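Beneath this line is the structure, given in structure tokens, with notes to follow.
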2 protein chains.
Amino acid sequence: MQEKILEEINTLLLEKDSAKLKETLAGENPVDIAEIFCHLDEKIVPRLYRLLPKSLAAEVFIEMPSDLKEALIASFADREITETMSELFYDDAADLIEELPAGVVKRILANTPQKDRAEINKLLKFEEDTAGSIMTTEFVNLRTDMTVGAALDYIRAVAPDKETVYTCYVISADRKLLGLVTALTLLTADVGKTIGELMETNVIFATTATDKEEVAALIRKYDFLALPIVDSEERLVGIVTVDDAVDVMQEEAEEDFAKMAAITPSETPYLKTSPFSIYKTRIPWLLLLMISATFTSMIISSFENALAAQVILTMFIPMLMDTGGNCGSQASVTVIRALSLGEVGWKDVLRVLAKEVAVAALCGLTLSVVAFIKLMTVDNFLSGGIAPLVAFTVAMTLLCTVIVAKLIGAFLPIAARKIGLDPAVVASPMITTLVDAMSLLVYFSLAKALLGL
Amino acid sequence: MQEKILEEINTLLLEKDSAKLKETLAGENPVDIAEIFCHLDEKIVPRLYRLLPKSLAAEVFIEMPSDLKEALIASFADREITETMSELFYDDAADLIEELPAGVVKRILANTPQKDRAEINKLLKFEEDTAGSIMTTEFVNLRTDMTVGAALDYIRAVAPDKETVYTCYVISADRKLLGLVTALTLLTADVGKTIGELMETNVIFATTATDKEEVAALIRKYDFLALPIVDSEERLVGIVTVDDAVDVMQEEAEEDFAKMAAITPSETPYLKTSPFSIYKTRIPWLLLLMISATFTSMIISSFENALAAQVILTMFIPMLMDTGGNCGSQASVTVIRALSLGEVGWKDVLRVLAKEVAVAALCGLTLSVVAFIKLMTVDNFLSGGIAPLVAFTVAMTLLCTVIVAKLIGAFLPIAARKIGLDPAVVASPMITTLVDAMSLLVYFSLAKALLGL
């Protein structure tokens, strides 16, 4: 669909048909227009942008990637910056300020009306990752003594400047949150009734300091279109809308994926990130993990004599370590997600460990029986020379490793959360190191005992 | 907050104050009531449920976990089943039918009015994971010749039976989708204007066969409150609302987390899953991975003589394998997420591989230099006896392993997607096996060549 429009626009550009270009662009979705702009020559974009109706232009602007925003602002006259800024919602304007380089920001703020600048500054002061940093201050507030008719008239008047009119908040004279009414209620109610009679008073809200992930979780849990945000004195100061909550959910999931793969999260799309930037997100973890493998080297080194006597034991080191690693990450990812979704907390630590021991016993028994049979048949056929006692040592090590790995994998994330660390960041490097070390220790100790090395 | 209400309800139950109980429950959010019910004795729940106003009762019912739904239905008279079913939205009713055991479903359907049953059956026939399976048929449709006043009157009349009234769809006489108007447009427009004059005609839609993940992605991309769904003849048959899209996004992310940790995805919360059920989601992958480690055993076995001559080489096997595994999973998780988000496709395969080679070269050089220095200093101090040529062998192996691991990690998910397999499922077991085998092969080959074994 977009390819067709892109082609059409390119044709119209060649034909210099501004009237038709204007008409075509005005009929498109702002998200699509922003994408189309990304596929055009940067020099043409300002010309096309000026063909857009004012309010659509602002919507397109917000959807563009940073580099294009910057290029466009560079092409703007001061007056155009003022126009664009006054069309933007305050939360979008605040995001813009945070996203662009200082030099550009300076010029933007110099051309932003004083009143807007004050509102934007209010939003900029909230800490990253809090509800304050993602909320918008442009919501509809009503008073209890308004009639439905008066409320509808008010909504009609203020609608263009509000992010949503579908949930309206009822506040007291000192701006305390009293309740809410939905547009649906207003539409279907008797116009003579008052807001006070109609409002729901059991309102779920968050504060400006609430973690944005928690805000997104509340919106998801209750299927809200928006969540009201209050300040420390319980005055209503903003709302977070469902579309922003959706973005938070997606970002947080991507961050967790990155952390579990031992990558520092980044928001830039993969294909747009330079190899050196990708390198920087990956190398610290690789170095950390490589250096922490010093433990495994030391363990092997201290059992060098045993290994020299039975080189065959080396054959199973990779399998034992991989199985331990897999068991550990199965448990840790499960627990990390359960923590993220609020299904599990520190109070459940014993229940989690008990469950993992049970699962580990089942997995360990299955794996060790299968491994013993496989070693005595297939592996003996393929490589030869595996004595029953060696196979038994490997099988017993598997059983112990699986149990240890699942316990470490389940415990570390809960413990990390308990002491205020990010479970996903802590888990992946520590679990590998600990599980590797434990499985080798168990393996060589059992080998020494059982094989008399 | 919920604890307080739970306590209050328990007190009121003891005092047998039904009037006060009724009032307390009626003021609560249905999601919270469902959660409170989970914490009460199953025998009390039906009594409390009957105190709820009809429409609230249906909302609470839908939010309850399956076991509680089943228990409640068992306590219902046939008449109560009919009442509940006629209050439910069709998509919720269809989910209920799919969720409960056949015996219960039979009784439910026997007590569902014929007309509702027909609508529910329509939804049940769509394949899992399609837009059809998550859409609702209860949306507001308008005609082009309606005036705004008539449309608002119509919305007021039908609102109680519709999932959303905030986006209304305009259809032709043969039910083809012509456009949409938002409630905001209707509220702010002149009541005499017609829908045809006001509607947006550039409507983004999906078909009943569209993958539900794609539907969620569209809703997220365009910040929609709902997406219209058409059948194969382009007739409007349903809508997917943002709250259902949010659930799809969350489910899909959880599934990907599970797959990347080599776990079969399951929808049951962790603490509610029995150890045996958890075992079943984990053991197939552990067995598969353990058996695939046969390759690494065979490789080590074939270099047994070299290892016997230089037992010290064993010391670095865990570090080499772990680093390879980490590099592979960094690349594969990055690419799997980029595939999921539609940032990358088969057409980009060469760009991705070129990028990963560059990143791998940077990571590999850093790691091999650090490893060489560490081996000659720290490790020689801790364990002793590491010859420069051994350290060099390890460093070179690291460099090769990192490059191979990143290439395999990046290529496999794209290739899997290309041949129609799930990148996340294919990647994790195959990458470990391939990277382990490759790193050992490189290690021993280099060792033989450089150390003359």
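Here is how the numbers come out for the structure above:
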| item | result |
| --- | --- |
| Convex hull volume per residue for the stretch A:336-453, taking Cα atoms only, in Å³ | 117 |
| Cα gyration tensor category, rounded, prolate or oblate, for the stretch A:237-375 with a/c compared to 1.5 | oblate |
| The stretch B:244-253 - phi-based ³J(HN,Hα) in whole Hz, Karplus 6.51/-1.76/1.60, Gly and Pro as x | 6, 4, 4, 5, 4, 4, 5, 4, 5, 5 |
| Compactness of the stretch A:1-127 as Cα Rg over 2.2 N^0.38 Å, two decimals | 1.09 |
| Other-copy label distances relative to B:D211, 7 angstrom Cα-Cβ extension, nm | 3.1 |
| Helix-only mean residue ellipticity at 222 nm for chain A, each DSSP H run of n ≥ 4 adding -39500 (n - 2.57), per residue, nearest 500 | -20500 deg cm²/dmol |
| Which listed pairs, of B:K115/B:K176; B:K374/B:K448; A:K43/A:K122; B:K69/B:K122, have C-alpha distances above 25 Å, in listed order | A:K43/A:K122 |
| For A:280-293, mean number of other protein chain Cβ atoms within 10 Å | 6 |
| Magnitude of the charge dipole, the protein assembly as shown, Cβ model with Lys/Arg +1 and Asp/Glu -1, debye to 20 | 2760 |
| Mean Cβ count within 10 Å, highest first, over the residues of peptides B:276-286, A:117-127 | B:276-286, A:117-127 |
| Between helix A:148-158 and chain A: long-axis angle, C-alpha atoms, 0 to 90°, nearest 10 | 90 |
| Cα→Cβ-extended label distance, 7 Å offset, between A:S86 and A:W346, nm | 5.3 |
| Debye, to nearest 20: dipole size of chain B, +1 on Lys, Arg Cβ, -1 on Asp, Glu Cβ | 1580 |
| For A:182-190, mean number of other protein chain Cβ atoms within 10 Å | 4 |
| Protection-proxy order for peptides A:237-249, B:245-257, each taking the mean of Cβ atoms within 10 Å per residue, highest first | A:237-249, B:245-257 |
| Per-residue average of Cβ from other chains inside 10 Å of A:368-374 | 2 |
| Charge dipole magnitude, Cβ of K and R +1, D and E -1 - the stretch A:86-209, Cα centre, debye nearest 20 | 400 |
| Simple label model, 7 Å out from Cα along Cβ direction - A:R143 to B:D41, nm | 5.1 |
| For the stretch A:88-101, 3J(HN,Hα) per residue [Karplus equation, 6.51 cos²θ - 1.76 cosθ + 1.60, θ = phi - 60°, Hz, x = Gly/Pro] | 6, 5, 4, 5, 5, 4, 5, 4, 4, 4, 6, 8, 8, x |
| Average Cα contact separation per residue, the stretch B:293-451, under 8 Å, 6 or more apart, as relative contact order % | 38 |
| Integer Hz, Karplus 6.51/-1.76/1.60 couplings in order for the stretch A:53-66, x for Gly and Pro | x, 2, 6, 5, 3, 5, 5, 5, 3, 5, 7, 6, x, 3 |
| Between the stretch A:372-391 and the stretch B:65-96, the Cα center-to-center distance that results, in Å | 57 |
| Förster radius 41 Å - calculated FRET efficiency between A:L124 and A:S18, Cβ distance, rounded to 0.05 | 0.60 |
| Under-5 Å amide H pairs with A:L178, H placed in peptide plane, nonlocal only | A:V170, A:I171, A:S172 |
| Among B:339-348, B:97-106, the order from most to least packed when residues are scored by Cβ within 10 Å on average | B:339-348, B:97-106 |
| Top positive-direction residue, dipole computed over chain B with Cβ charges, set B:T82, B:I219, B:V105 | B:I219 |
| Computed E for B:A159/B:E233 - FRET, C-beta separation, R0 22 angstrom, nearest 0.05 | 0.20 |
| Signed unit charges on C-beta, dipole axis of the stretch B:293-451, positive-most listed residue B:F372, B:I300, B:S428 | B:S428 |
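No value in this document is a laboratory result; all are computed from the given coordinates. In this text, all values refer to a predicted model and were calculated from it rather than measured experimentally. Virtual Cβ from ideal backbone geometry, glycine too; neighbours counted across all protein chains shown.
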